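S.K.: Shown below is the structure under consideration.
Every number in this text was worked out from the coordinates using simple rules, so none of it is lab data. Given the structure is predicted, the values throughout are model-derived calculations rather than measurements. For neighbour counting, all protein chains shown are included, and Cβ atoms are generated from backbone atoms with ideal geometry for every residue, glycine included.
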Amino acid sequence: MAEHMVLRAFLLAAVSGLIVSSAAAQRAPAQRARELGIPFDGTPGPKNAITDVAGVAVGFSTLIRGSGPHAVRTGVTAILPRHRASANRPVFAGVFSLNGNGEMTGTHWIEESGFLEGPVMLTNTHSVGVVRDAVIAWRVKQGKADASGYYWSLPVVAETWDGELNDINGDKLNDVVTSLQAHVFGLAWFEQKRDASNAITFVQHMIMDDFGTKNTGGVTFSQPHGTTFADVDGDKIPDFIVGKRYWAHRDDYLDPDPYGEPVLYWYRTVRNPKAPGGAEFVPELIHNRSGAGSDLFAGDINRDGHVDIVTATRFGTFIFWGQ
């Protein structure tokens, strides 16, 4: 409850003040996606940011507290399409789900009305509710009552799971492991770096690319939709779990390898000072006929001290019991 109250205070600062800390403003710019070799269509605006669109404002706040297994590393972002007038001036809007996974409040009203009324909020999975409540409070404070005299709001709050940010290579800096293109190929980890001014940048290290590259363990598969983390081998270092979502687009070849084996792997995290970035990921096959769905769960379901893995795919629902 205390953390929720703090996050609510941070949220109100983000929406109302559009804050950017002076320390952040003085830092050297971090590398952007294109600088890391991630391709995008089109030409970016002068700032290469969403605020290149006239009238759009972005506020954010980051919450960093403590260390160890109970450390807080989270935050909230507010996107206001009409700056502070967003409380009273709606914009046309639509909703599309890329992979059918995740939570976003307020979408039913967008589908019914075609309008976005207020900001779009981004926060962590377990803070969607408190952020929604805080947006309503902001709406009452900033906006006017409607023609009937009532204040009402159906806030749009989207979640992102930030519970797996972890220190892969043992340098006490949080690194990121992710799929690069969920509908094509690509797994990579991004090594966090700090310079003398404490500016944060990330260096990309490929784990798996397409069939034209030499991949770790000789493993290559497409459609790495669902991913999760767990300490599978009990060495106190989180491992990466991922698989192929089989026939996510039927056989229309939007998937570049639609008939590839529906594999499920866990990538064992090994801290190796001789490897690029000081870490490597060793693929361990779990199953080659299940694949992975839009999401994966990893946890000790039967409380025997081992990690179990659950996923649902076009072939059924699978539980892989750890031994």
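S.K.: Work the Kirkwood hydrodynamic radius out for region 254-309: mean of 1/r over every pair of different alpha-carbon atoms, inverted, in Å. Walk me through the numbers before you get to the answer.
M.R.: Numbers: mean 1/r = 0.0725 Å⁻¹.
Evaluated over region 254-309, this radius sits at 13.8 Å.
S.K.: Sticking with this one: Can you pull out the trypsin sites (Lys or Arg not before Pro) in region 111-216 whose DSSP state is coil and whose Cβ has at most 15 other Cβ atoms within 10 Å? Intermediate results must be reported in sequence, preceding the final value.
M.R.: Numbers: sites: Arg132, Arg139, Lys141, Lys144, Lys172, Lys193, Arg194, Lys214; in loops: Lys144, Lys172, Lys214.
Passing both the DSSP loop test and the Cβ count: Lys144, Lys172, Lys214.
S.K.: Can you list, largest first and rounded to whole Å, the semi-axes you get for region 88-208 by taking the square root of 5 times each eigenvalue of its Cα gyration tensor? All intermediate terms of the calculation are to be shown ahead of the outcome.
M.R.: Details: eigenvalues 277, 71, 28 Å².
After diagonalising the Cα gyration tensor, the semi-axes are 37, 19, 12 Å.
S.K.: If the cut-off is a Cα-Cα distance under 19 Å, which aspartates and glutamates reach Lys47, setting aside same-chain residues fewer than 8 apart in sequence?
M.R.: Within the straight-line limit of under 19 Å, Lys47 reaches these aspartates and glutamates: Glu35.
S.K.: Take region 280-319, compute every pairwise Cα distance, and split them into 10 Å bins from 0; I just need the percent in each bin.
M.R.: Spelled out per bin, shortest first, that is 27, 48, 25, 1.
S.K.: Let me ask something else about it. Scan region 234-323 for trypsin sites (Lys or Arg not before Pro) in coil per DSSP, keeping those whose Cβ has at most 10 other Cβ atoms within 10 Å, and list them by number.
M.R.: Numbers: sites: Lys236, Lys244, Arg245, Arg250, Arg268, Arg271, Lys274, Arg289, Arg303, Arg314; in loops: Lys236, Lys244, Arg245, Lys274, Arg289, Arg303, Arg314.
Here the sparse-neighbourhood loop sites are Lys236, Lys274, Arg303.
S.K.: Could you give the Stokes-Einstein D for region 213-323 in µm² per second, using the C-alpha Kirkwood radius, 37 °C, 0.692 mPa s?
M.R.: Values: Rh = 14.7 Å.
My calculation gives 224 µm²/s for D.
S.K.: How much net charge surrounds Val156 when only the other residues with a Cβ under 13 Å from the Cβ of Val156 are counted, with Lys and Arg +1 and Asp and Glu -1? Please report the intermediate quantities before stating the final value.
M.R.: On the way: positive: Arg132, Arg139; negative: Glu103, Glu111, Glu117, Glu159.
Summing Lys and Arg as +1 and Asp and Glu as -1 gives -2.
S.K.: Something else now. On a 27 Å Cα-Cα criterion, which of the cross-link pairs Lys193/Lys236; Lys244/Lys274; Lys236/Lys274; Lys172/Lys274 come out too long?
M.R.: Too far apart for the 27 Å limit: Lys244/Lys274.
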